[in-house]
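The structure appears right after this line, and notes come after that.
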Amino acid sequence: MLPLTTPPLSPPTLSPPFSLSRPSLSSPVELLIMQALCWVHDDLNQVDIGSYVLKVCGQEEVLQNKHSLGSHEYVQNCRKWEAEIKLQLLSQSTMRRDLARSVRLKPINQSISDISLWCVCLSQRKTKSLALLSNSIEIAHTHILNNDFVPPQSTQYKTVDGVVQMVKNLCCALDEVETQAITEAVKKVKRSVNLPRTRSPEVLHFLPPFFCSYEKYYLMCALTHNGRNLFKPIQSKKVGTYKSFFYHIKWDELINFPMAVALLPLESMLTLSLFGVLNQNASGSPDSNKQRKGPELLGKVSLPLFDFRRMRGTDIRFAQVKFCRNKPNLVCGYLYHSMTSDPLQVDFPSPAVDVLYVGPQERPSPDPNTLEELDPDLLTRADRQLLWDQRHHCRGHTHSLPKVLASAPSWDWGSMAEIHSLLHHWPSLQPVCALELLDSKFADTEVRSVAVSWIESTSDDELADYLPQLVQALKFECHLKNALVIFLLSRAQANVSIAHYLYWLLRDAVLDPAFGRRYDQVLGSLLCLCGAGLRDELDKQTRLVTLLGALAEKVRQAGGSTRQVVLQEGLERVQSFFQRNSCRLPLSPSLDAKQLNIKSCSFFNSNAVPLKLALVNSDPLGEEINVMFKVGEDLRQDMLALQMIRIMDRIWLQEGLDLRIVNFKCISTGKDNGMVELVPSSDTLRKIQAEYGVTGSFKDKPLAEWLRKYNPAEDEYDKASENFIYSCAGCCVATYVLGICDRHNDNIMLRSTGHMFHIDFGKFLGHAQMFGSFKRDRAPFVLTSDMAYVINGGERPTSRFQLFVDLCSQAYNLIRKHSGLILNLLSLMTLSGLPELTGNQDLKYVYDALQPQTTDAEATIFFTRLIESSLGSVATKFNFFIHNLAQLRFSGLPSNDEPILSFSPKTYTLKQEGRIRNASIFSFQKRYNPDKHYTYVVRLLREGQSEAQFLFRTFDEFQELHNKLCILFPLWKLPGFPNRMVLGRTHIKDVAAKRKIELNSYVQNLLRSSTEVTQCDLIYTFFHPIARDDKTEGLEASARAPGKLEGEVKLSVSYRNNTLFIMVMHIRDLVSTVEGTDPNPYVKTYLLPDPHKTSKRKTKISRKTRNPTFNEMLVYSGYSKETLGLRELQLSVLSAESLRENCYLGGVTLTLKDFDLSKETIKWYKLTAVPYF
């Protein structure tokens, strides 16, 4: 538990600051409020506890009184970072309410019907233009009807020509829509005054180049449902273009489908595809070089036959066409050339009476008790017909409903009774399962409505997790007024955070070329419903994003030397924005900034040159807000990857597995720009490894020593390395499942608390970065030797690595249990426009990575092999090295805010420490923590001190001192440093003894150098005592008694389908060989009695380790339970030796009759001396 600090009540004089030490995370927030109020009230009976709230310091966010303390994200993050929980006790009457609605609005479903398109379809200027044009036409029309005057013929020509021109302008303002009625009316009015044809300003024989490319056009007309044709498509006649006001195509053709309207499904769509026949004689054809002779698909549009009231469409209807490439705009019946819109006109016949859709009567569902028992194994067959035939048996497997409905052989009118009956009698689905029913393969309105009713039970936190998918699901609705839109708007109306997040998702979605207008209308509805306060706040955020986007683009385009100047000028303009008002950030409405901290703002030296922004918190109790603003990259993919990692983390936590995942916020704020939260106290692996030179990525110790620098106490370092093990396991599983690529050392970060996390998800689902014709990402995931060094606590494998493997396997199997959720969420995003998530081939990558058909044991073995493959990959380190070269910049010593030496967290000076009188190398010692090495004891004497100090420094640390002195004093003569290279086979202790003499000479000569050198901060930082100097280390480890057997083996024993499965998982704490070296262990098993040794099974050999991980399956097939009850399993552990007999390390004998073979048994077994073959 963590200390909780509560600042004083408002006003501050009511109570001094106080803290509640180690609060229980399961405590209700109300209890904490009561404890806080005790400080200022003697009698709580006189206090309305419900009128107080706890506000998060630094955020415009309060804790929910009825919930537990640990259920809040802020508290969870404090617990993760082991930070103080800072809360402020406020009366509800003093809370900010600037985002609250001040006017009571109509119910959501009624408001959507009343929403006008003023806020989404036409700009204010365009509306005024239309009104003026319409008014002018009405005046002219009135004059003509009333025969107010009879002008001479020349004036009549001018008057009628003016009216025609006004009609044309009106059509132009309405996306160049010119209906057949308008064309006929214009012809009629021209004939009435015999207006000469030569008066028309258009030239009929002039055609734009595009129209010259095609000779004829035709339509393919189809009735579809759920993406399938209900009837064979019908082709229209082929016609050319002609011009009245605008260029258009006129088919004037009646299309008949031989199908009764009463048999059509409610969601039937009329799909029209425009094809162009190339003009073979047109030299301007864009495809003339290819000599394509076949017709080209130019565009496609779909119209629902029934509206949201279930009435069949009549009269004239318009829609928008999505074109396959730069083509003219289609109107069914007419084709118009327009650069801004794609209007489509369809004339439906008008029947004498309204046509209302009436669905078939539902059939009663059979009683589950009357059904014959079904073999569950049949449900695993990928046979849709079988699944549909046995659909009533599947109700016991509630989550199978989407699969059952997808197996329906037909969705025609006659089948809907059975489908709806099945749907309405099905037990309620969990919200995460119901998401699949909103996919594009389920067009039925009733199915989608029921799915939304099941999703309504989700909490706001869970809803936020799945909101991007729900926004994408709006594309698959037949009509704008539907259950999903009403649900989203109602939840947005009740929760500011949901409304805020929904706003930015819709702002991004309106850029969709096919569905932008629909999202525009939903966005307009949201803005009408959210209230003036939130609407004004969102407008401020949009203006801030525009300013930041312009600044980031200017900085990106500027040259290296001028970037800082451009940045400073732009920051002043942004600062002027904050001088007028504070502003919440798009990342979260709880983050409120009042100004920039310009001195702390900068930019990152990467390809996109993103801005690093430091903002002053509006809350005086809050810390500075640090974010990154990036342009030139599509952050929607980063949003999706982070969302999936956050959902995986939630799955693990619900199953009781805390992998200490670092979750940070990211939001796309427009086309190729967005904002990302910066995680404090973290550095990239490249920056950490760069301390050891450009080849730092090939060394094993940089990460461990960086963590030890920030966690000098042993218990702190142990906690940091534990955080590293858990978070690294989570990263390995998440990046493998999602196929995260482009994993160089600038895209992986490490926090000083040991938490590792990934950033920049521009490549995923296996779309690897290429280096020429080679994949840069050759390993399944990033797991390098310096990471293994931290995990093991040294160079040699330990039981800590076995913990890491177990965590990976457990996390992987837990995600596999939720494979359907992961695949459904990704499937709903396939039409979002992400370049690397476009269809089934990308979903198949994730499906193959999850392997949902395998058992947990098989998956554990599989992932263990992936760990071995990643750890043994040289390509990852080479990739890091290449990136180091690409990012190499000569920068001398670190800047003021960075440590001057890698092993010292601070910089120390002569004034702080006192002058050094003498220093010498006193001796050297052998150390075993974190691995075997020699350290040199430095005897140090300062002025004013009678007793000498003793410090412990390694040879590498002396060399780091010398290298940085050479950078700092390039013109000074420094003493020569001992050679690192040792030629020939020399005993390590002899090398250490020789180096002691050389290092002593080096130190003596160094302290005789010039005053500038001997008094510099680098020298005094090197000789400042650190945590390790206060400890006694280096005692030789006591040797084990020869012949003693030690260690344990972890086994999984399971049985199915007449097969015994023995999974050898780990062995720990094996004895060393006779020579004292680490063994080469492997496992051998027999089923006894076995006189012919036919039951022998062996694992692979694990080299040079006392703590091997195998995760290998040894299989015994064809054994019944009765037979196994008479057998014993003998397991032996041996060390493979090349020049002599293998060394026996211990064994165990298991009597199989003692096992419950109906379930898996996982257990550690002590190794003893047992007879073996």
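Every read-out reported here was derived from the displayed coordinates using simple, explicitly stated rules and does not represent laboratory data. Everything quoted here is computed from the prediction, not taken from an experiment. Because the Cβ atoms are built from the backbone with ideal geometry, glycine has one as well, and the counts that use them run over all protein chains shown.
Backbone geometry of segment 642-656 corresponds, through the Karplus equation with coefficients 6.51, -1.76 and 1.60 at θ = phi - 60°, to 3J(HN,Hα) couplings of 5, 4, 5, 5, 5, 5, 4, 4, 5, 4, 4, 5, 5, 8, x Hz, x marking Gly and Pro.
For segment 680-889, the Cβ-based charge dipole about the Cα centre amounts to some 420 debye (Lys, Arg positive; Asp, Glu negative; other atoms uncharged). Ranked for footprinting exposure by Cβ neighbours inside 10 Å, fewest first, 1090, 760 give 1090, 760. Here the Karplus relation 6.51 cos²θ - 1.76 cosθ + 1.60, evaluated at θ = phi - 60°, turns the backbone of segment 262-272 into coupling constants of 5, 9, 7, x, 4, 9, 4, 10, 8, 9, 10 Hz, with x for every Gly and Pro.
Which loop trypsin sites (Lys or Arg not before Pro) in segment 1107-1173, with loop taken from DSSP, have no more than 11 other Cβ atoms within 10 angstrom of their Cβ?
Filter output for segment 1107-1173: 1140, 1159.
Taking a straight line from the alpha carbon of residue 699, these aspartates and glutamates sit under 18 Å away, with near neighbours fewer than eight places off in the same chain left out: 683, 691, 746, 786, 795, 931, 956, 957, 960.
Taking 0.36 nm per residue of separation and subtracting the Cα-Cα distance, full extension of the segment from residue 1029 to residue 1120 would add 26.4 nm. Applying a threshold of 25 Å to the alpha-carbon distances of 612/671; 86/719; 687/994 flags 687/994 as lying beyond it.
Ranking 589, 617, 578 by how far each Cα lies toward the positive end of the dipole of segment 576-623 (charges on Cβ) leaves 578 at the top.
Under the simplified labelling scheme, the residue 399-residue 350 pair shows an inter-label distance of 5.4 nm, with each label point 7 Å from Cα along Cα→Cβ. In a fully extended conformation the segment linking residue 1156 and residue 95 would gain 375.9 nm over its present Cα-Cα distance, using 0.36 nm per residue.
Rounded to the nearest 20 debye, the dipole magnitude of segment 225-264 is 140 debye, with +1 charges on Lys and Arg beta carbons, -1 on Asp and Glu beta carbons, and the Cα centre as origin.
Here the residues 935, 830, ranked from fewest to most Cβ neighbours within 10 Å of their Cβ, fall in the order 830, 935. Going by a ≥ b ≥ c, the root eigenvalues of the Cα gyration tensor, does segment 916-1023 fall in the rounded group (a/c under 1.5), the prolate group (a/b larger than b/c) or the oblate group? Oblate is the answer for segment 916-1023, as a/c is 1.5 or above yet b/c matches or exceeds a/b. Overall, the anisotropy analysis places segment 720-829 in the oblate class: the square-rooted eigenvalues a ≥ b ≥ c of its C-alpha gyration tensor yield a/c not less than 1.5, with a/b not exceeding b/c.
Computed from phi, the 3J(HN,Hα) profile of segment 1145-1153 under the Karplus parametrisation 6.51, -1.76, 1.60 (θ = phi - 60°) reads 10, x, x, 8, 10, 10, 7, 6, 5 Hz, with x in place of Gly and Pro. In this calculation the C-beta distance from residue 1136 to residue 358 is compared with R0 = 56 Å, giving a FRET efficiency of 0.10. Residues whose amide H lies under 5 Å from that of residue 58, counting only those 5 or more places away or on a different chain, are 621, 622; hydrogens are built 1.01 Å from N in the peptide plane.
Distance from the C-alpha centroid of segment 414-466 to that of segment 1134-1165: 51 Å, rounded to the whole angstrom. Given axes a ≥ b ≥ c from the Cα gyration tensor, I'd like to know whether segment 684-743 is rounded (a/c under 1.5), prolate (a/b larger than b/c) or oblate. The shape class here is oblate. With R₀ fixed at 60 Å, the C-beta to C-beta distance from residue 671 to residue 1010 puts the FRET efficiency at about 0.50. With r as the distance between the Cβ atoms of residue 1165 and residue 862 and R0 = 30 Å, compute the FRET efficiency 1/(1 + (r/R0)^6) and round to 0.05. Rounded to the nearest 0.05, the efficiency is 0.80. Counting only Cβ charges, +1 for Lys and Arg and -1 for Asp and Glu, the dipole size of segment 16-91 around its Cα centre is about 260 debye.
The residue among 974, 1009, 935 whose Cα reaches farthest toward the positive pole of the charge dipole of segment 916-1023, with charges on the beta-carbon of Lys, Arg, Asp and Glu, is 935.
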